[in-house]
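See structure below.
The values are calculated or read from the model by the stated rules, or taken from the named source; none is laboratory data. Not measured: the values here are computed from a predicted model. Positions of Cβ are backbone-derived with ideal geometry, glycine not excepted, and every protein chain shown enters the neighbour counts.
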Amino acid sequence: MGFPNNEKLKDIRKGLSKVDPSLTLPSNATKAQVVKYKLCEKFVKYLIENKMTQAELSRRLDLDSARLNEIVKYKISLFTIDKLLELAERLDPNTRIDVA
């Protein structure tokens with residue numbers, strides 16, 4: 001399998017331009033931001049490890065799919081630690097977060 005040609009790359013770029021990106025932590029993130037980010041990360045890992053769609057997980061959590069999408073895109077400013085922890089505990093009652 002070779003590198004995609006220019007036409008294929010153009011199509012890929014066009015598709016990616018419509019995608020809402022996942023956010024990253026700022027270099028000066030607060031501890032609260034780090035905790036929220038790590039909690040969001042748990043949802044992404046859960047989706048991957050369980051080969052589950054966001055729609056399936058949102059039904060399992062009884063959560064609007066748009067809200068789950070905000071979580072997996074790491075939009076941490078939209079959530080409190082309490083809410084993210086409550087949702088994470090629905091997936092795994094033994095959820096644990098370590099903050100360095």
Exercise. Can you find even one residue in region 49-63 that is surrounded by 15 or more Cβ atoms within 10 Å (Cβ to Cβ), of a type in the set (Ser, Thr, Tyr) and in a helix (DSSP H, G or I)?
Worked result: yes
Exercise. Do we find a residue being among the hydrophobic types (A, V, I, L, M, F, W, C) and under 22 Å from Ile97 (Cα atoms) anywhere in region 5-16?
Worked result: no
Exercise. Which residues, taken from region 71-80, are over 9 Å from Cys40 (Cα atoms) and either of a type in the set (A, V, I, L, M, F, W, C) or surrounded by 15 or more Cβ atoms within 10 Å (Cβ to Cβ) (or both)?
Worked result: Leu78, Phe79
Exercise. Quick one: is Ser22 more than 24 Å from Ala66 (Cα to Cα), in a loop (DSSP other than H, G, I, E, B) and at pLDDT 80 or above?
Worked result: no
Exercise. Give me the pairs: first residue in region 76-97 and within 13 Å of Tyr37 (Cα to Cα) and in contact (Cβ under 8 Å) with a residue 60 or more places away in the chain, second residue among the β-branched types (Val, Ile, Thr) and surrounded by 11 or more Cβ atoms within 10 Å (Cβ to Cβ), beta-carbon distance under 8 Å, and six or more apart or on different chains, which are they?
Worked result: Ile97/Val35
Exercise. Can you find even one residue in region 68-86 that is of a type in the set (Phe, Trp, Tyr), under 10 Å from the mean Cα position of the chain (by Cα) and assigned to a loop (DSSP other than H, G, I, E, B)?
Worked result: yes
Exercise. Between residues in region 47-70 that are touching a residue at least 12 places away in the same chain (Cβ under 8 Å) and residues that are of a type in the set (Asp, Glu) and part of a helix (DSSP H, G or I), which pairs lie under 9 Å by C-beta distance while being six or more apart or on different chains?
Worked result: Leu47/Glu56
